[in-house]
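A short reminder: the numbers here are calculations on the coordinates, not readings from a lab. No experiment lies behind these values; they were computed from the predicted model shown. For neighbour counting, all protein chains shown are included, and Cβ atoms are generated from backbone atoms with ideal geometry for every residue, glycine included.
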Amino acid sequence: MSEQPFRSGFVAVIGRPNVGKSTLVNRFVGAKVAIVSDKPQTTRHRIHAVLTRDDAQIVFVDTPGLHKPRHRLGEYMTQQARAAIPDVDVVLFVVDGADGPTGRDRWIAERLAEAGAPVLLVVNKVDLVAAADGAPEDAPDHLAARFGDARVAAAVAKFEGLAAFASVHAVSAATGEGLEALLEDVVARLPEGPKYFPDDWATDRPEEFLIAEFIREQVLHNTEQEVPHSVAVVVDELRPRPGRDLVDVRATIYVERESQKGIIIGRGGSMLKRIGQAARMEIEGLLGSQVHLELWVKAKPGWRDRAGSLQELGFR
Ligand SMILES: Nc1nc2c(ncn2[C@@H]2O[C@H](COP(=O)(O)OP(=O)(O)OP(=O)(O)O)[C@@H](O)[C@H]2O)c(=O)[nH]1
Ligand SMILES: [Mg+2]
């Protein structure tokens with residue numbers, strides 16, 4: 001009996017903002033490696049998320065959504081995403097099955113045509129597609145035969161022609177539907193190779209990064225319009241208390257304008273309290289200990305367009 005080879009490699013997860021890339025990556029690795037929100041442009045950095053199995057190690061590279069940058073931060077984000085495309089073994093092009101294809105989807109599909117690696121079309125949010133009202137549109141026979149649900153087949157049909165994809169999948173990162181088949185397709189395309197990361201690693205990012213992101217996620221969930229996009233979070237201190245199951249975390253929430261400080265703090269500090277409580281629960285889950293979280297709010301005027309400020313806030 002011949003032994004199965006161990007496969008390993010890098011899988012870039014690419015798409016426009018808000019299509020569900022980070023949700024998908026978290027689901028695959030079974031941990032919260034990347035924060036998620038219903039606001040576009042949630043992810044700002046490239047994040048490696050590692051899934052280790054007996055027969056394979058898959059390193060998913062979550063990326064910021066590709067969009068048209070309006071400031072230096074946006075340029076950094078799209079550069080992070082584009083730089084992930086060369087040198088990977090597989091590209092997952094994630095689209096929102098319930099919305100599109102948009103001009104941005106077409107633009108990305110064209111760019112991906114030049115990727116050296118096979119590009120898999122991942123039509124996400126099929127739970128929303130299947131639940132839609134109205135009569136489904138017609139889909140080509142090969143898709144109608146493969147996808148039991150006529151609405152899902154019609155959604156896939158809209159995207160299938162954007163490029164010459166190596167394969168096509170309809171999934172829901174929210175419910176898990178279609179993810180097993182997608183994962184097996186990905187693993188089969190990886191070369192034989194070593195383990196790049198230890199077995200118990202979920203991400204290459206340090207605890208400070210995840211903690212800052214968990215705090216920013218709560219800001220995203222609790223604020224609207226320009227405020228969520230104007231926020232950056234830096235962990236200033238992470239210190240276990242000697243002899244106790246307690247970690248002190250001090251972090252600063254940066255905003256772009258003095259007026260935004262009031263929004264984050266809220267009446268009588270109520271908003272900051274809500275953000276802090278929710279973030280603390282997540283951080284306690286991550287660290288596996290009790291956490292004392294101290295949050296500060298500071299204005300750093302126009303930081304999204306200033307090279308120096310971006311550097312200070314970790315966008316290097
Ligand atoms: N119904 C449904 N919602 C989903 C699914 N996948 C993601 N979402 C939601 O879509 C929104 C965006 O998800 P994210 O994972 O943050 O999307 P993203 O592509 O990483 O977004 P950016 O980081 O901004 O590029 C969130 O509200 C998710 O809960 C899905 O399969 N079904
Ligand atoms: Mg994301």
Residue 181 paired with residue 110, simple spin-label distance in nm, labels 7 Å along Cα-to-beta-carbon: 3.1 nm
Counting all C-alpha pairs of segment 207-312, share separated by more than 24 Å (%): 23 percent
In range of the label at residue 79: residues from segment 291-311 whose backbone nitrogen is under 20 Å from the point 7 Å along Cα→Cβ: 302-311
The chain: angle of helix 103-112 to the longest principal axis, Cα-based, in degrees nearest 10: 70 degrees
Net length gained if the chain between residue 294 and residue 164 were fully extended (0.36 nm per residue, minus Cα distance): 41.7 nm
C-alpha long axis of helix 207-222 to longest principal axis of the chain, angle in °: 90 degrees
Most positive-pole-ward Cα, 51, 211, 155, against dipole of the chain from beta carbon charges: 211
Radius, Kirkwood style, for the chain when every pair of distinct Cα atoms is counted (Å): 20.9 Å
Extended-chain gain in nm, criterion 0.36 nm per residue less alpha-carbon gap, residue 307 and residue 174: 44.2 nm
Farthest toward positive dipole pole in the chain [+1 Lys/Arg, -1 Asp/Glu at C-beta], among 181, 15, 296: 296
Cα gyration tensor category, rounded, prolate or oblate, for segment 155-280 with a/c compared to 1.5: oblate
Dipole magnitude of the chain, debye to nearest 20 (Cβ charges: Lys/Arg +1, Asp/Glu -1, about Cα centre): 1440 debye
Number of Lys pairs (Cα under 17 Å; 8 or more positions apart or on different chains) in the chain: 10
Farthest toward positive dipole pole in the chain [+1 Lys/Arg, -1 Asp/Glu at C-beta], among 142, 190, 253: 253
Rounded Å value of the spacing that divides the Cα centres of segment 175-244 and segment 73-112: 19 Å
Label point 7 Å beyond Cα of residue 209 along Cβ direction - residues of segment 35-50 with amide nitrogen under 12 Å: 35, 44-50
Residue 236 versus residue 278: modelled label distance in nm, points set 7 Å from Cα along the beta carbon direction: 2.4 nm
Choice from 54, 138, 87 showing the highest fluctuation, given a GNM over the chain with Cα pairs closer than 10 Å: 54
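To the nearest 0.05, how large is the calculated FRET efficiency for residue 68 and residue 244 if R₀ is 45 Å and r is the Cβ-Cβ distance?
Efficiency, rounded to the nearest 0.05: 0.35.
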Additional length obtainable on full extension of the chain from residue 257 to residue 55, 0.36 nm per residue less Cα span: 67.6 nm
